[in-house]
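Below is one structure, written out as structure tokens; the observations come after it.
Values in this text are rule-based calculations from the coordinates and carry no lab data. Predicted, not measured: the structure shown is a model, and the values here were computed from it. Cβ placement follows ideal geometry from the backbone for every residue including glycine, while neighbour counts extend to all protein chains displayed.
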């Protein structure tokens with residue numbers, strides 16, 4: 001299966017509370033009957049299942065809530081198409097039998113559940129929905145264990161039972177699904193670990209909800225169509241100084257790798273002109289590794305200031321150091337950035353995090369790119385607390401400082417003041433290699449230099465970098481240079497314009513691989 005994501009240009013991602021509010025608004029304010037939403041959801045589930053598992057028996061585990069009702073509608077639809085179906089009631093009360101509209105869908109005896117599950121081609125998880133919180137209680141917890149133990153592929157509805165729909169936390173037992181069919185829009189908990197692994201393939205389907213207003217969704221996912229629409233265009237008469245000039249301020253004595261990776265990445269991402277400001281001792285090796293870039297001695301104050309003045313965006317921080325000399329360089333650059341795009345990474349983040357003024361006053365064109373450990377220094381929170389809710393941490397820092405924050409992780413997120421958080425859909429553990437942050441920061445600076453706003457620049461760097469990593473085909477042997485050298489492939493092929501399921505109501509489709 002291709003790792004490419006399919007998704008419309010704007011695909012909102014909802015928390016559990018937002019999902020509940022949207023459902024209520026659709027019913028009470030917009031006149032969409034609950035039964036209509038359930039019918040649409042169930043039929044969409046049936047069609048997706050029929051694409052993924054076109055033969056064999058379908059057994060649904062039906063809970064007491066709406067997800068159980070959606071599962072019954074799906075079974076009824078599949079039965080009308082000639083499929084062998086059956087269901088087991090797992091909740092404290094029976095589902096509304098009217099959902100079957102008189103069709104004789106067999107109800108199974110719980111005493112025979114082991115054999116019935118083992119004989120299914122696919123099992124549908126309709127036990128718990130997005131309204132469930134905390135560790136699953138009995139008898140649901142036991143049914144989840146039995147489903148997982150059956151060895152049969154499981155399709156989850158909206159969110160795998162046991163996964164927190166907002167954070168992705170798994171406080172107890174949870175379903176291990178091969179695919180999760182989400183209704184209306186994806187849920188935030190489907191993107192964050194450990195819930196992401198439990199979801200498998202994520203397929204979001206349109207079921208008749210009214211359109212969302214900008215303030216009704218906390219987040220949006222970065223899709224191929226989103227990236228296509230925002231990639232800066234080049235004029236026919238473009239030249240090196242018009243498409244984006246990038247200054248990379250990186251590297252300390254005998255540590256030149258980060259500067260070389262960043263300079264090379266900026267060139268491959270499409271910068272027209274790249275300067276690398278580093279210590280004089282690194283000149284020879286950097287000129288050899290990145291001959292296209294102009295070297296600047298960072299200790300030469302006038303040369304450094306001139307380099308900033310002649311650049312459209314600056315990346316500062318990779319392997320910069322945190323000693324007095326590095327602090328002086330950072331202060332000198334920030335003093336003359338003067339509204340230019342500025343990406344602050346690595347040591348630059350660490351230096352500023354240690355100051356009382358922090359990141360305030362950097363301006364709206366600043367983009368911070370911390371990893372969770374650096375974000376811990378910024379917020380004063382333990383790293384596990386940062387990882388537990390990266391969206392909230394990134395949004396808090398963005399609102400507090402007036403900057404844009406790209407918090408790296410699995411997935412990475414981008415938060416700008418007053419805007420929905422952007423969630424990266426692509427990416428994999430192949431990117432878990434030293435130097436990838438340097439590559440990412442340089443790509444973001446390149447898009448900033450080309451005129452993108454910081455949140456868009458961060459989103460484009462995440463998307464095209466991850467797509468390039470996928471197309472490079474190196475797997476766990478991937479290096480930052482491999483990513484940079486495959487940017488041209490990503491620009492030419494950002495991903496499919498349509499889901500491989502070939503169903504028009506599919507809004508978003510992300511493979512299981514992470």
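Values for this structure:
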item: Estimated FRET transfer efficiency (residue 234, residue 25; beta-carbon r; R0 60 Å; 0.05); result: 0.90
item: Antiparallel bridges, percent of DSSP beta bridges restricted to the stretch 244-492 (to nearest 5); result: 20 percent
item: Net length gained if the chain between residue 485 and residue 81 were fully extended (0.36 nm per residue, minus Cα distance); result: 140.6 nm
item: DSSP beta bridge pairing in the chain, given as percent antiparallel to the nearest 5; result: 25 percent
item: Three-way shape call for the stretch 1-128 based on the alpha-carbon gyration tensor, with the a/c threshold at 1.5; result: oblate
item: For peptides 230-241, 501-512, 441-452, 368-379, sequence by mean Cβ density within 10 Å, most packed first; result: 441-452, 368-379, 501-512, 230-241
item: For the stretch 286-304 versus the stretch 441-514, the gap between their alpha-carbon centres in whole angstrom; result: 29 Å
item: Gyration tensor verdict on the stretch 102-178 (Cα atoms; rounded if a/c is under 1.5, prolate if a/b is larger than b/c, oblate otherwise); result: prolate
item: Rough spin-label spacing in nm, given labels placed 7 Å along Cα→Cβ, for residue 399 and residue 294; result: 4.3 nm
item: Gyration tensor (Cα) of the stretch 244-492, equivalent ellipsoid semi-axes in angstrom; result: 24, 22, 16
item: The stretch 33-208: C-alpha gyration tensor shape, a/c 1.5 cut-off, then a/b vs b/c; result: rounded
item: Tilt relative to the chain, helix 16-28 - C-alpha long axis, 0 to 90 degrees, to 10; result: 60 degrees
item: Spherically averaged projected area of the chain from its Cα convex hull (nm²); result: 24.4 nm²
item: Helical mean residue ellipticity (222 nm; -39500 (n - 2.57) per DSSP H run of 4+; nearest 500) of the chain; result: -11000 deg cm²/dmol
item: Relative contact order (%) - the chain, alpha-carbon pairs under 8 angstrom, separation at least six; result: 16 percent
item: Hull volume in cubic angstrom per residue (convex hull over the Cα atoms of the stretch 279-338); result: 88 Å³
item: 85, 175, 248, 243 arranged by Cβ crowding within 10 Å, fewest neighbours leading; result: 243, 85, 175, 248
item: Segment residue 138-residue 500, length gained on full extension (0.36 nm per residue, minus Cα span); result: 126.6 nm
item: Distance in nm between pseudo-label sites at residue 309 and residue 96 (7 Å out along the Cβ direction from Cα); result: 7.2 nm
item: Rounded to 10°, Cα long-axis angle of helix 34-52 versus longest principal axis of the chain; result: 80 degrees
item: The chain: angle of helix 66-80 to the longest principal axis, Cα-based, in degrees nearest 10; result: 70 degrees
item: Stretch gain in nm, segment residue 149-residue 493, where the contour uses 0.36 nm per residue and the Cα spacing is subtracted; result: 119.9 nm
item: Computed E for residue 109/residue 197 - FRET, C-beta separation, R0 45 angstrom, nearest 0.05; result: 0.85
